[in-house]
Amino acid sequence: MIKFFRKIRYDLMEKNKTGKHLKYAIGEIVLVVIGILIALGINNWNEDRKNIQAEKVVLNNTYENLTSDSIQFDYYKSQYKQIERLHIELYEIGLKDEIKDSISEPDLIRRTLHFKQLIDSDFNENSKEIKNSKIKEAIVLYTKSITSMEDIYSQVDILIEQRLKPYLDEQELYNPQNWFELKNKIFNGFEFNETKGKNIIDEHGLIASAKTQKFQQILLALNIKWNEFNSRLLTVIEENNKLRILIKSELKNY
């Protein structure tokens with residue numbers, strides 16, 4: 001097309017038709033500009049398409065990660081309920097002087113949770129691909145809640161390691177025979193295989209210890225932190241659900 005205009009322009013110049021030559025020159029410039037604009041438009045369209053595709057991938061991955069997180073949270077919640085039940089039983093024995101021949105799984109007194117990394121180093125970086133401001137705000141809140149929950153749990157862990165376990169050792173409440181007779185001592189992932197009667201903690205010894213002031217002080221400190229952890233956990237679960245609903249709704253637009 002440009003060659004066609006150029007040929008016409010040369011013919012007009014040879015025939016000394018300056019006015020018409022000027023019009024054709026302008027037409028040629030306009031044609032070039034239009035071509036450039038079309039090329040830019042196509043390039044921008046391609047870039048937008050790539051960005052949308054990248055955003056969709058990030059949203060899908062985030063949704064899958066949140067779903068995996070929710071499974072872990074359900075496990076934490078069930079573990080907390082069992083631990084709380086044991087704490088109440090030990091409190092009733094020690095301070096309400098109730099007589100109990102047996103209690104919930106004694107090993108729960110020293111139970112710790114295996115934290116699978118919930119938010120990796122790329123999480124916040126990848127979230128920059130997301131354009132929906134509500135989702136981005138929800139992600140920020142979610143990450144802050146996760147951090148808060150993990151901070152509280154670290155305090156639970158410190159209490160167990162620095163106060164409870166030394167006390168159990170001092171009172172000789174561990175049962176070495178049961179430990180060595182356990183068929184499976186490997187606890188994979190964040191799930192804990194039940195000991196099925198082979199309790200590492202001596203049940204009757206723990207019941208007797210529950211009647212001491214020292215144990216009740218440790219139990220109080222531990223129960224307070226477990227309850228704080230559960231409170232943070234419930235917040236995280238709520239924000240996880242809200243964030244998944246937002247992302248699922250956004251993905252319908254693609």
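Table for the structure above
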item: Estimated FRET transfer efficiency when R0 is 51 angstrom, pair Asn227-Ile29 (beta carbons, to 0.05); result: 0.10
item: Pair Gln177, Ile71: separation of 7 Å Cα→Cβ label points (nm); result: 3.9
item: Residues with amide H under 5 Å from that of Ile201, placed H, sequence gap 5 or more; result: Asp107, Asn175
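Quick note: the coordinates plus some simple rules give every number you see, no bench work behind them. None of the values given here were measured: they were computed from a predicted structure. For neighbour counting, all protein chains shown are included, and Cβ atoms are generated from backbone atoms with ideal geometry for every residue, glycine included.
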